[in-house]
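Here the structure comes first, spelled out in structure tokens, and everything after it is commentary.
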Amino acid sequence: MAGQARLFDAEERLRWLSASGGLLERLRAVVDFEAFRAELEAALPRADRSRGGRLPYDAAPMVRVLVLQALGTLSDEQTEYQLRDRLSFMRFAGLALHEAVPDAKAVWPCRGRLTRAGALARLFARF
């Protein structure tokens, strides 16, 4: 029926993205972002969770978000918008449709902490 969502529409779109061979798909295929995890976690220590607050985002997807931001010269707000709007960005960042998207208020401090630790320049040099 036209106009009605089908059960596997999202999977079909993701398969098409994989087959397209776009830049983000190629980067996702050749860059092992898990190799950055140890340095990321050292530069982004977890806060004491006993006082509550928002759960921190995993370090590996956050560095992917920063790569997207740098590739597109995006502001923090535009990065959040594009992650919500574009399947290719969300997929590159390692986020599923049902997962929370890092907002601008999560991107900015992550980038700042990595910069202050000197890790951002090293990570981008390795990337």
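The values are calculated or read from the model by the stated rules, or taken from the named source; none is laboratory data. Note that the structure is predicted; figures quoted are calculated from it, not measured. Backbone-built Cβ (ideal geometry, glycine too); neighbour counts: all protein chains shown. Remember, those area values only see protein heavy atoms, side chains included, never the ligands or the DNA or RNA. Shrake-Rupley method; radii C 1.70, N 1.55, O 1.52, S 1.80 Å.
Details
- Filtered by the rule that a residue be among the polar types (S, T, N, Q) and out of contact with any Leu (no Cβ under 8 Å at 6 or more places or on another chain), the stretch 75-118 gives Ser75, Gln78, Thr115.
Quick grid of which residues meet (1) at pLDDT 85 or above; (2) outside any loop (DSSP other than H, G, I, E, B):
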position: Leu27; (1), (2): yes, yes
position: Phe36; (1), (2): no, yes
position: Arg46; (1), (2): no, no
position: Gly53; (1), (2): no, no
position: Ala60; (1), (2): no, yes
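- Close pairs (8 angstrom Cβ cut-off, 6 or more residues apart or separate chains): closer than 19 Å to Leu24 by Cβ in the stretch 50-77, at pLDDT 75 or above and of a type in the set (Lys, Arg) anywhere: Ala60/Arg37; Leu66/Arg111; Gln69/Arg111
- For the stretch 62-92, a residue qualifies if it is of a type in the set (S, T, N, Q), open to solvent by less than 60 Å² (accessible area, probe 1.4 Å) and in a helix (DSSP H, G or I), and the qualifying residues are Gln69, Thr79, Gln82, Ser88.
- Of residues in the stretch 93-127 being of a type in the set (A, V, I, L, M) and not in a helix (DSSP H, G or I), the one most open to solvent (accessible area, probe 1.4 Å): Leu97
- Subset of the stretch 78-121 [in contact (Cβ under 8 Å) with a residue 24 or more places away in the chain and among the hydroxyl-bearing types (Ser, Thr, Tyr)]: Thr79, Ser88
- Matching residues, the stretch 8-31, being farther than 15 Å from Ala93 by Cβ and acidic (Asp, Glu): Asp9, Glu11, Glu12
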